[in-house]
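Working notes, structure below.
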Amino acid sequence: MFGAAALVVLVLAIVLLRGSWFATERDIAFSDFLSAVEAGKVQQVAIGDQALTVTLRGGRRVRTIPPTGYVSASPAFVSDLVHRQIHVVVQPRSEAGAFSFGAMLLALGFFALVGFTIYRVTAGRIPSLESRARVADGETPAVTFADVAGVDEAKDEVKEVVDFLREPEKFAAIGGRMPKGVLLVGPPGTGKTLLARSIAGEASAPFLFASGADFVEMYAGVGASRVRKLFREASKHKSCILFIDELDAVGRQRGGNSLSHEEREQTLNQLLVEMDGFAAHQGVVVIAATNRPDILDPALLRPGRFDRQVMVGCPDLKGREAILKVHTKKVPLAPGVDLRTIARGTPGFSGADLANLVNEAALLAARHGSTVIDDRVLDEARDKVLMGVERRSMVITEKERVNCAYHEAGHALVASVLPNADPLHKVTIIPRGRALGVTMQLPEADRHTHTKDFLETQVAVLMGGRVAEELFMGHMTSGASNDIERATEIAQKMVCEYGMSPLGPLMFRKSAGNAWDGDRAAGLSEDTARRVDDEVRTIVMRGYETARQILQHHRPAMTAVAEQLLEVESLDGGELKAIVDRFATRVN
Ligand code: NHX
Ligand code: ZN
């Protein structure tokens with residue numbers, strides 16, 4: 001179809017241009033034409049709109065352009081020609097008309113081609129101007145603060161917004177300066193949207209929703225017009241919450257030169273303009289969410305805009321328990337299930353993860369034909385959320401299965417021998433998600449920072465898999481790729497961010513964005529980059545060496561764990577410890 005369109009345009013061009021190029025007569029000066037007439041060399045003159053087409057006696061045709069209006073202003077001219085027995089014809093105007101008609105066709109073909117190309121490039125997804133502006137209805141949400149658990153500090157901070165929305169006039173009367181914009185900052189799944197909705201619900205105010213990603217379109221001006229539309233919608237309400245999810249999609253720092261950039265900048269400017277345009281007493285509060293406040297354009301954070309930041313972090317132990325309580329309200333919990341224990345076993349889970357866990361548990365219970373959710377299905381659900389879905393049907397060769405058993409046993413043994421490692425939660429050779437086998441550790445308590453020792457231990461544990469393959473199988477497999485990636489990441493952070501190498505407590509911004517964003521400048525000197533690489537390698541190799549020593553000294557324990565895994569497929573922390581304790585002592 002594309003080729004056909006191109007062909008049509010090409011043919012059109014040839015047909016049209018033939019008249020003027022291929023058979024084009026040479027232009028001669030008008031005086032030369034008159035001389036030729038005088039000399040009797042002219043056989044025929046065709047009078048056209050602007051030019052005279054002259055056929056010479058030899059049959060050659062030339063063209064000449066008379067002074068404007070010359071022919072019509074000099075009636076003697078034509079009769080003079082006729083006198084000289086020169087054939088005079090007057091060309092119909094249509095020839096010129098034909099040309100412009102053709103030109104029109106050509107232009108039409110051209111635009112069709114351009115249009116079709118755009119259609120092809122955008123895969124037919126040409127968004128209409130109005131389409132995706134998912135400006136949610138502006139209804140008042142049914143959720144209130146009671147439905148939001150585990151983010152007590154954040155809730156306290158936004159209570160003021162609720163007071164304001166309830167009685168904006170009163171708030172203004174006592175001179176309360178209301179934030180026009182509140183920025184909710186936190187990792188994904190921590191309930192930023194829910195919190196925003198609950199503010200509206202709590203204040204019985206309408207809730208308008210948009211996502212920053214909706215504003216970033218490939219056509220100039222669309223994003224900006226959507227922002228305008230959104231704020232117009234908001235101003236129709238006496239008071240309301242206007243929520244913008246993923247603010248970073250539009251709010252990135254300006255400067256740089258990527259293609260979509262100009263459009264984003266326009267959208268961002270429009271957003272700033274609209275926010276400045278709102279009077280504080282108007283009762284509209286803009287709430288935005290992001291997990292990357294550091295990349296936001298500073299203009300967004302200035303007074304009168306998103307000048308208030310509220311952190312919405314991953315829940316702590318107490319928070320997780322509260323969140324579990326909310327989510328288990330509508331499911332049949334078996335008597336004796338202790339949510340505190342579940343909460344303790346889910347460090348690092350976000351609110352969304354916990355919701356997912358409860359949901360999976362309900363599904364699993366149903367599949368087991370059980371009417372209640374007990375500890376067992378909750379445990380199974382946690383593993384599913386944590387490690388991915390079990391894929392028991394995956395076909396694995398015996399050799400791969402053995403390799404997997406030794407690989408996981410390697411991780412497990414290093415983790416159980418090194419004193420600073422997190423306790424083992426589970427080791428399994430049942431394929432899950434993308435992995436053929438998994439070794440899971442779980443921290444004893446919520447941890448917010450890591451010691452250098454812990455990180456080194458973690459690198460060694462990650463190397464344990466590869467080392468086991470080498471020592472016990474006599475080969476290496478590509479399966480260790482994820483371990484290697486994670487170990488390298490840790491080592492890189494230790495050197496570049498945590499100042500845990502001989503290079504000292506400095507920040508080495510190794511990969512500060514990409515060149516397209518125009519911040520390549522933040523790179524390192526070549527010499528420093530080389531030294532960073534050396535230190536990263538040293539850390540990983542030291543972990544590798546630690547793992548090798550441990551596995552070499554615990555060959556019998558290794559074999560025992562691997563063989564047990566091949567037999568029963570999964571071992572929990574206690575079972576592992578029992579095997580290891582039979583062979584090894586926990587010192588090294
Ligand atoms: C593949 N998977 O993708 C096969 C199926 C060495 C016994 N061709 O280290 O399964 O080779 O300790 C997240 C999580 C890639 C991202 C796991 C990306 C695994 C897992 C490669 C065990 N356990 N490797 C491991 C494994 C593989 C992979 C991942 C990921 C294996 C190893 C995956
Ligand atoms: Zn591994």
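The values are calculated or read from the model by the stated rules, or taken from the named source; none is laboratory data. Given the structure is predicted, the values throughout are model-derived calculations rather than measurements. Positions of Cβ are generated from backbone atoms using ideal geometry, with glycine treated the same way; all protein chains shown enter the neighbour counts.
Annotations for the structure displayed:
- Residue in the stretch 261-279 that is touching a His at 6+ places or on another chain (Cβ under 9 Å) and either modelled with pLDDT under 85 or closer than 29 Å to HIS448 by Cβ (or both) present: no
- When THR428, THR457, THR451 are screened for being over 29 Å from the mean Cα position of the chain (by Cα), β-branched (Val, Ile, Thr) and within 13 Å of ligand 2 (Cβ to nearest atom), only THR428 passes.
- Test: residue in the stretch 482-504 that is out of contact with any Phe, Trp or Tyr (no Cβ under 7 Å at 6 or more places or on another chain), within 12 Å of ligand 2 (Cβ to nearest atom) and closer than 20 Å to ASP572 by Cβ: no
- When the stretch 201-241 is limited to residues that are aromatic (Phe, Trp, Tyr) and assigned to a strand (DSSP E or B), the one that is surrounded by the fewest Cβ atoms within 10 Å (Cβ to Cβ) turns out to be PHE209.
- Hey, THR439 under 32 Å from the mean Cα position of the chain (by Cα) and either away from ligand 1 (no atom under 14 Å from the Cβ) or hydroxyl-bearing (Ser, Thr, Tyr) (or both) or not: yes
- Scope the stretch 323-342; condition over 31 Å from the mean Cα position of the chain (by Cα) and either of a type in the set (Lys, Arg) or surrounded by 21 or more Cβ atoms within 10 Å (Cβ to Cβ) (or both); matching residues: LYS325, LYS329, LYS330, ARG340, ILE342
Here's the yes/no breakdown for (1) among the polar types (S, T, N, Q); (2) under 25 Å from ASP276 (Cβ atoms); (3) modelled with pLDDT of 90 or more; (4) touching a strand residue (DSSP E or B) at 6+ places or on another chain (Cβ under 8 Å):
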position	(1), (2), (3), (4)
VAL121	no, no, no, no
GLU130	no, no, no, no
ALA136	no, yes, no, yes
LYS155	no, no, no, no
LEU165	no, yes, no, yes
LYS170	no, yes, no, no
MET178	no, yes, no, yes
LEU184	no, yes, yes, yes
LYS192	no, yes, yes, yes
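- Scope the stretch 410-436; condition touching a strand residue (DSSP E or B) at 6+ places or on another chain (Cβ under 6 Å) and in a loop (DSSP other than H, G, I, E, B); matching residues: ASP422, ILE430
- Among the candidates ARG401, ARG391, residue that is within 14 Å of ligand 1 (Cβ to nearest atom), within 32 Å of the chain's Cα centre (by Cα) and of a type in the set (Lys, Arg): ARG391
- Test set (1) touching an Asp or Glu at 6+ places or on another chain (Cβ under 7 Å); (2) closer than 21 Å to ASP152 by Cα - SER350 fails condition number: (1)
- Among the residues making up the stretch 460-495, those that are of a type in the set (Gly, Ala, Ser), without any contact (Cβ under 8 Å) to a residue 60 or more places away in the chain and more than 8 Å from ligand 1 (Cβ to nearest atom) are GLY474, ALA487, ALA491.
- Per-region count, the stretch 322-349, residues hydrophobic (A, V, I, L, M, F, W, C) and over 18 Å from LEU364 (Cβ atoms): 4
- Pick from the stretch 157-190, criterion of a type outside the set (Val, Ile, Thr) and closer than 11 Å to MET311 by Cα, ranking: surrounded by the fewest Cβ atoms within 10 Å (Cβ to Cβ): PRO187
- Residues of the stretch 442-474 that are among the aliphatic types (A, V, I, L, M) and either part of a helix (DSSP H, G or I) or modelled with pLDDT of 95 or more (or both): LEU455, VAL459, ALA460, VAL461, LEU462, MET463, VAL467, ALA468, LEU471, MET473.
- Filter result for the condition that a residue is out of contact with any strand residue (DSSP E or B) (no Cβ under 7 Å at 6 or more places or on another chain), surrounded by fewer than 18 Cβ atoms within 10 Å (Cβ to Cβ), of a type outside the set (S, T, N, Q) and touching a residue at least 12 places away in the same chain (Cβ under 8 Å), over ARG376, ARG367, ARG392: ARG392
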